[in-house]
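The values are calculated or read from the model by the stated rules, or taken from the named source; none is laboratory data. Computed from a predicted structure; not experimentally measured. Quick reminder, even Gly has a Cβ in these numbers, built from the backbone with ideal geometry, and neighbours come from all protein chains shown.
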Amino acid sequence: MNAGAGTGETGVADDEDVLARPLFATPITRLFGIRHPLLCGGLMWLADARYVAAAVNAGGMGFITARTFPDLDVFRAELRLCAELTGGKPFGVNLFISGRAEENAVLDRYIEVLAEEGVRLIETAGNTPEAYLPALKAAGCIVMHKVSAVRHGLRAEKAGVDALAIVGQECGGHPGLHFVGTMVQGALAARAFRVPFALGGGIGCGQQLVAALGLGADAVVMGSRMTVASEIWAHDDYKRKVLETGEGDSRLVMASFRNTYRCLDNAAARAVAELEASGERDFQLYLPHVRGANARDAYTTGDWERGILSMGQSAAFADEIKPVAAIFAEILRDAATARDRLDGMRPAGA
């Protein structure tokens, strides 16, 4: 049986023991008040109360994706459910800041609701969070901003964020326009950032956690690796497709619109790629393939050929549908082995 599977009474007990003992203490674990430097970034449509609570209860941190809940009353109810499921432990909310100003009108209301509900850990992503920091800070929030380039991180740092997450081109969703790999991003970020930072992009195993910490990161942020978690509500047909997905089974689309997106190589993505290859610039012809509701429908029905589905190269590490706690335990076991391997490389007398 896979050591991290967490199946059977012995496996569950072993997982609980692994999760109960911190393996690393970092500025991020202290800032967020968590046992393990494992962050589950916001996933549009998927990062709900049950998934985020599972990450928190396993000793990491998760972020409910606010835009998944356009109805503010439903959003408030989701926050209250997460608070109930975590037994009052802190959890996070993801706020995506669009490049289109009209789409950001609702953000002030989201901030009002999360402040009223006592949520204090925020992951911002997309455009700079500068305009929203005063309200978030007034609510006592800790803000971590996710970027795809060091220069964007430096701008957010100057604006006053408390932490940063930087992702490499291996990430699902938006890897930016410069396509810098995760290993390079981590080393550059360690030299440039003054605030604590998490590293993401293709990360899904314990060896990578140790490598990220060695580069100078204070945590890792994961997305695609976690989509096979039992607590993710998506259809099992979709999850089984993720299990079949290797490191080369994603593709980049929408670069011609300066909105590059790494997604599952499915029928919708290939249709978009064909339009781009033809030089087509009319966005209305792309819309039937790229509208966000298509992705939600794909997760609901399991029809993974439908919609542009965010998929990073870390899907290669997904080997089983199992709880968040079991995935975390597997990562931590592998991290302990990697840490011990490094310790074993010390020269005699060092």
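I'm trying to understand the selection: among the residues of the stretch 251-274, which are among the hydrophobic types (A, V, I, L, M, F, W, C) and within 22 Å of ARG225 (Cα to Cα)?
Matches in the stretch 251-274: LEU252, VAL253, CYS263, LEU264, ALA267, ALA268, ALA269.
Give GLY186, GLY202, GLY216, GLY176 a once-over and let me know the one that is surrounded by fewer than 24 Cβ atoms within 10 Å (Cβ to Cβ), farther than 15 Å from GLY126 by Cα and among the small types (Gly, Ala, Ser).
The conditions single out GLY216.
I'd like to verify a number: residues in the stretch 72-93 that are part of a helix (DSSP H, G or I), in contact with a helix residue (DSSP H, G or I) (Cβ under 6 Å, 6 or more places away or on another chain) and surrounded by fewer than 20 Cβ atoms within 10 Å (Cβ to Cβ), how many?
4
Could you tell me which of the residues SER256, SER250, SER230 is modelled with pLDDT under 95, out of contact with any Ser or Thr (no Cβ under 6 Å at 6 or more places or on another chain) and either more than 16 Å from MET44 (Cβ to Cβ) or among the polar types (S, T, N, Q) (or both)?
Step by step, each of SER256, SER250, SER230 is checked, and only SER256 is modelled with pLDDT under 95, out of contact with any Ser or Thr (no Cβ under 6 Å at 6 or more places or on another chain) and either more than 16 Å from MET44 (Cβ to Cβ) or among the polar types (S, T, N, Q) (or both).
Those residues that are surrounded by fewer than 20 Cβ atoms within 10 Å (Cβ to Cβ) and not in a helix (DSSP H, G or I), I need them from the stretch 262-289; list them, please.
Result: ASP265, SER278, GLY279, GLU280, ARG281, ASP282.
Look at GLU276 and say whether it is out of contact with any strand residue (DSSP E or B) (no Cβ under 8 Å at 6 or more places or on another chain) and among the acidic types (Asp, Glu).
no
Could you tell me how many of the residues in the stretch 167-201 are under 20 Å from ILE28 (Cα atoms), touching a residue at least 60 places away in the same chain (Cβ under 8 Å) and small (Gly, Ala, Ser)?
Adding up the residues that qualify gives 3.
Scanning the stretch 8-29 for residues that are in contact with a helix residue (DSSP H, G or I) (Cβ under 9 Å, 6 or more places away or on another chain) and part of a helix (DSSP H, G or I), which turns out surrounded by the fewest Cβ atoms within 10 Å (Cβ to Cβ)?
Ranking the qualifying residues of the stretch 8-29, first place goes to ASP17.
Quick one: GLY176 ticks every box in (1) assigned to a helix (DSSP H, G or I); (2) within 21 Å of the chain's Cα centre (by Cα) bar one, so which box is it?
(1)
Can you tell me which residue among PHE69, PHE63, PHE32, PHE96 is farther than 21 Å from SER224 by Cα, buried (at least 18 other Cβ atoms within 10 Å of the Cβ) and modelled with pLDDT of 95 or more?
Going through PHE69, PHE63, PHE32, PHE96 in turn, the sole match is PHE32.
List pairs: first in the stretch 295-312 and touching a residue at least 12 places away in the same chain (Cβ under 8 Å), second of a type in the set (Phe, Trp, Tyr) and surrounded by fewer than 17 Cβ atoms within 10 Å (Cβ to Cβ), Cβ under 9 Å, 6+ apart or cross-chain?
TYR299/TRP233; THR300/TRP233
Out of all the residues in the stretch 116-129, is one or more crowded, with 17+ Cβ neighbours inside 10 Å, assigned to a helix (DSSP H, G or I) and at negative phi?
Within the stretch 116-129 (the criterion being crowded, with 17+ Cβ neighbours inside 10 Å, assigned to a helix (DSSP H, G or I) and at negative phi), the answer is no, since none of the residues qualifies.
Out of all the residues in the stretch 197-227, which are of a type outside the set (A, V, I, L, M), under 28 Å from TRP45 (Cα atoms) and outside any strand (DSSP E or B)?
Listed by number, the residues that qualify are GLY201, GLY202, GLY204, CYS205, GLY206, GLN208, ASP218, GLY223, SER224, ARG225, THR227.
Just one of GLY279, GLY302, GLY292 is more than 22 Å from ARG50 (Cβ to Cβ) and of a type in the set (Gly, Ala, Ser); which is it?
Answer to the selection: GLY279.
Consider ALA318 carefully, then state whether it is among the aliphatic types (A, V, I, L, M), farther than 15 Å from THR68 by Cβ, surrounded by 19 or more Cβ atoms within 10 Å (Cβ to Cβ) and under 21 Å from the mean Cα position of the chain (by Cα).
The answer is yes for ALA318.
How many residues does the stretch 294-306 hold that are farther than 15 Å from ARG240 by Cβ and either within 18 Å of the chain's Cα centre (by Cα) or at pLDDT below 95 (or both)?
Total satisfying the criteria: 3.
Taking the stretch 307-330, which residues are hydrophobic (A, V, I, L, M, F, W, C), part of a helix (DSSP H, G or I) and out of contact with any Cys (no Cβ under 6 Å at 6 or more places or on another chain)?
Within the stretch 307-330, ALA315, ALA316, VAL324, ALA325, ALA326, ILE327, PHE328, ALA329 qualify.
Any residue at all in the stretch 99-110 that's assigned to a loop (DSSP other than H, G, I, E, B) and either in contact with a Lys or Arg (Cβ under 9 Å, 6 or more places away or on another chain) or closer than 22 Å to ALA217 by Cα (or both)?
Yes, there is a match, as at least one residue in the stretch 99-110 is assigned to a loop (DSSP other than H, G, I, E, B) and either in contact with a Lys or Arg (Cβ under 9 Å, 6 or more places away or on another chain) or closer than 22 Å to ALA217 by Cα (or both).
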